1. Collect the residues in the range 57-78 that are surrounded by fewer than 19 Cβ atoms within 10 Å (Cβ to Cβ) and outside any helix (DSSP H, G or I), keeping them in residue-number order.
2. Which of the residues belonging to the range 80-99 are in a loop (DSSP other than H, G, I, E, B) and buried (at least 17 other Cβ atoms within 10 Å of the Cβ)?
3. Considering only residues that are in contact with a strand residue (DSSP E or B) (Cβ under 6 Å, 6 or more places away or on another chain) and either within 14 Å of residue 20 (Cβ to Cβ) or surrounded by fewer than 16 Cβ atoms within 10 Å (Cβ to Cβ) (or both), which ones fall in the range 107-116?
4. Scan the range 5-55 residue by residue and report those that are in a loop (DSSP other than H, G, I, E, B), touching a helix residue (DSSP H, G or I) at 6+ places or on another chain (Cβ under 7 Å) and at pLDDT 95 or above.
5. For a quick check of your reading of the model, give me the residue pairs whose first member lies in the range 57-70 and is in contact (Cβ under 8 Å) with a residue 12 or more places away in the chain and at positive phi, whose second is surrounded by 14 or more Cβ atoms within 10 Å (Cβ to Cβ) and in a loop (DSSP other than H, G, I, E, B), with beta-carbon atoms closer than 7 Å and at least 6 apart or on different chains.
6. Taking the condition of being modelled with pLDDT under 85 and not in a helix (DSSP H, G or I), how many residues in the range 100-132 meet it?
7. Pairs, please: C-beta under 8 Å, at least 6 apart or cross-chain, first residue closer than 16 Å to residue 25 by Cβ and in the range 102-131, second exposed (fewer than 11 other Cβ atoms within 10 Å of the Cβ) and at pLDDT below 90?
8. Go through (1) without any contact (Cβ under 8 Å) to a residue 40 or more places away in the chain; (2) within 14 Å of the chain's Cα centre (by Cα) one by one and return the number of the condition residue 45 breaks.
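The values are calculated or read from the model by the stated rules, or taken from the named source; none is laboratory data. Because the structure is predicted, anything quoted here is derived from the model rather than measured. Methodologically, a virtual Cβ is constructed for each residue, glycine included, from the backbone with ideal geometry; neighbour enumeration extends over all protein chains shown.
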């Protein structure tokens, strides 16, 4: 089984890694992480076969809607999920919006993008649990 792989574009904080990366990995999905828009574009060019992008709308080096446009130029059909607070404006061109930082809602969106693979992962988890 090839697990879905998502690119997480997150703001970088000193001494920490992306909590979104950790959340997505709990669902046993693979994650690539970029901490700037420029790094995200380079990563997309290097790893074009990802299954989707999770984008923090507050990435600072390129405006969110410009970044989405550039990512779509690289891979037009790739789903882009933008996360922003409820008071923030939407990011033009994104496929889905999450106006909350709720990890369960994010996982629900990603699992809906890859339902067959999600079912395989859940079945594998069940099989592992019965062997314990």
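1. 58, 60, 61, 62, 63, 75, 76, 77, 78
2. 84, 91, 94
3. Result: 109, single match.
4. Within the range 5-55, 29, 51 qualify.
5. Matching pairs, first to second residue: none at all.
6. 4
7. Hits for this filter: 117/1; 117/2; 121/1; 124/1.
8. That leaves (2) as the condition not met.
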